[in-house]
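Everything on this sheet refers to the single structure shown next.
The values are calculated or read from the model by the stated rules, or taken from the named source; none is laboratory data. All figures in this text were calculated on a predicted structure; none of them were measured in a lab. Every residue, glycine among them, receives a Cβ derived from its backbone with ideal geometry; neighbour counts consider all protein chains shown.
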Amino acid sequence: MATVQDLQQLLQTVVDEGGSDLHLSVGNHPTIRVSGSLIPLFQKDKLTAEDTEVFLKELVGEGRYPRFQKEQSIDFSYSFGDVGRFRGNGFYQHGSIAIALRLIPKQIQSIQSLGLPPILETFAQRKQGFFLVVGPVGQGKSTTLAAMIEMINLTRAEHIVTIEDPIEYIFQPKKSLIEQREVGIDAPSFHEALRAAFRQDVDVMMVGEMRAYETISSAVTAAETGHLVLSTLHTNNAAQTIDRIIDSFPASQQDQVRIQLAGSLAGIFSQRLVPRISGGRIPAYEVLINNAAVANLIREGRTHEINTIIQTGTQDGMVDMDRSLAELVQKGEITVEHAYERALDPRVFERYL
């Protein structure tokens, strides 16, 4: 049977190999993800049900393990020495425990070092508004938000509250006062934590994920009432994000939400991590800035026209994903094949090449 030391060795392997994820499931070799590709560790034995049970008890602690047994799934974070933390999820599959872990480095990178556009610094400098970082799972959304929060922390004296499930990056207060709340431990829900933040003299709120319309409603209200609210959504682009937000509300409230969103939205940043020819991954991105034209489209329910606004809004600082991908190809950073796989409209992408 595996031991806690075996788990520590596997976590160290992720770090040593420059990996991002570790997957542990019964009947399979431990598997890591490096630069987007899954790599089984064939030198390690296939895992048994006893192995994964030992691992999960160590990762979540004996006190939270009964909750996992009751709910059959659990989100958690796990500190790993001086290296950083792992965000994880434990779940059952085929009646046995499986675990997925994501490495959260201790060092918070800057916007520039991540290869992200300077426009994100402009959004971080705002005093109020609703800003979203969107994209599929595993595309670096949390890392981007952390870089924005750290920029605020380094440059302004603000009261920042993060609401996460679980807490990922740990911030050390510099110029700002930062408090981090974990859903399930420090607050019963995202919505309740957001509602409480109105009574905590908060300047900046970072919400790990928008999961329900109550959370979105509270976030929009916070942005309307003088707060900067940063969050994420699992959507593919700006137009889809706006539709997802509006569609999450009951039909009777959607017209009002369009008006609120048109007035409070600062912008939307959509990103994809693309394999780099030289190794590692590099972000391609879409930037929507909520100007007068975009706000009108949101109010009038014409979100299908937003892509055109982004494509023609280069002078305003907007960037569409297909242009970003084409520029990375032209710079020799990524292959045409990888760019095509992520293009939102292959015909538009071809025109940019």
The lone condition Phe123 fails out of (1) aromatic (Phe, Trp, Tyr); (2) touching a Leu at 6+ places or on another chain (Cβ under 9 Å); (3) modelled with pLDDT of 95 or more; (4) not in a helix (DSSP H, G or I) is (4)
Of Ser35, Ser79, the only residue that is touching a strand residue (DSSP E or B) at 6+ places or on another chain (Cβ under 8 Å), of a type outside the set (Phe, Trp, Tyr) and either closer than 30 Å to His338 by Cα or assigned by TED's automatic domain parsing to the domain that holds Glu164 (or both) is Ser35
Would you be able to say whether some residue in region 218-235 is closer than 30 Å to Ser37 by Cα and in contact with a Pro (Cβ under 7 Å, 6 or more places away or on another chain)? yes
Going through region 303-352 one residue at a time, which ones are within 20 Å of Asn290 (Cα to Cα), buried (at least 18 other Cβ atoms within 10 Å of the Cβ) and of a type in the set (Gly, Ala, Ser)? Gly313, Ser324
Report the residue count in region 282-294 for those that are surrounded by fewer than 20 Cβ atoms within 10 Å (Cβ to Cβ) and in contact with a Gly (Cβ under 6 Å, 6 or more places away or on another chain). 1
Residues in region 150-171 that are in contact with a helix residue (DSSP H, G or I) (Cβ under 8 Å, 6 or more places away or on another chain) and modelled with pLDDT of 95 or more total 8
Return the pair list, or none, for Cβ contacts closer than 9 Å from residues in region 322-344 that are free of Cβ contacts under 8 Å to residues at least 24 places away in the same chain to residues that are among the hydroxyl-bearing types (Ser, Thr, Tyr) and surrounded by fewer than 21 Cβ atoms within 10 Å (Cβ to Cβ), at least 6 apart or on different chains. Gln330/Tyr352
Looking only at region 8-49, how many residues end up being within 21 Å of Phe80 (Cα to Cα) and part of a helix (DSSP H, G or I)? 9
With the checklist (1) within 29 Å of Ser20 (Cβ to Cβ); (2) surrounded by 13 or more Cβ atoms within 10 Å (Cβ to Cβ); (3) small (Gly, Ala, Ser) in hand, flag the one item Ser264 doesn't pass. (1)
For the condition of a type in the set (A, V, I, L, M) and within 21 Å of Ile119 (Cβ to Cβ), what is the one hit in Ala212, Ala197, Ala223? Ala223
Within region 122-155, take every residue that is surrounded by 17 or more Cβ atoms within 10 Å (Cβ to Cβ) and either polar (S, T, N, Q) or not assigned by TED's automatic domain parsing to the domain that holds Val220 (or both) and give me the one that is farthest from the chain's Cα centre (by Cα). Asn153
Return the residue satisfying two criteria in turn: it lies in region 234-245 and is crowded, with 21+ Cβ neighbours inside 10 Å and out of contact with any His (no Cβ under 7 Å at 6 or more places or on another chain), and of such residues it is nearest to Leu120 (Cα to Cα). Ala238
Show the residue pairs meeting these rules: Cβ distance below 8 Å; 6+ apart or different chains; first residue within region 84-101 and assigned by TED's automatic domain parsing to the domain that holds Thr48 and more than 17 Å from Glu50 (Cα to Cα); second residue assigned to a strand (DSSP E or B) and acidic (Asp, Glu). Arg87/Asp75; Gly88/Asp75; Asn89/Asp75; Leu101/Asp21
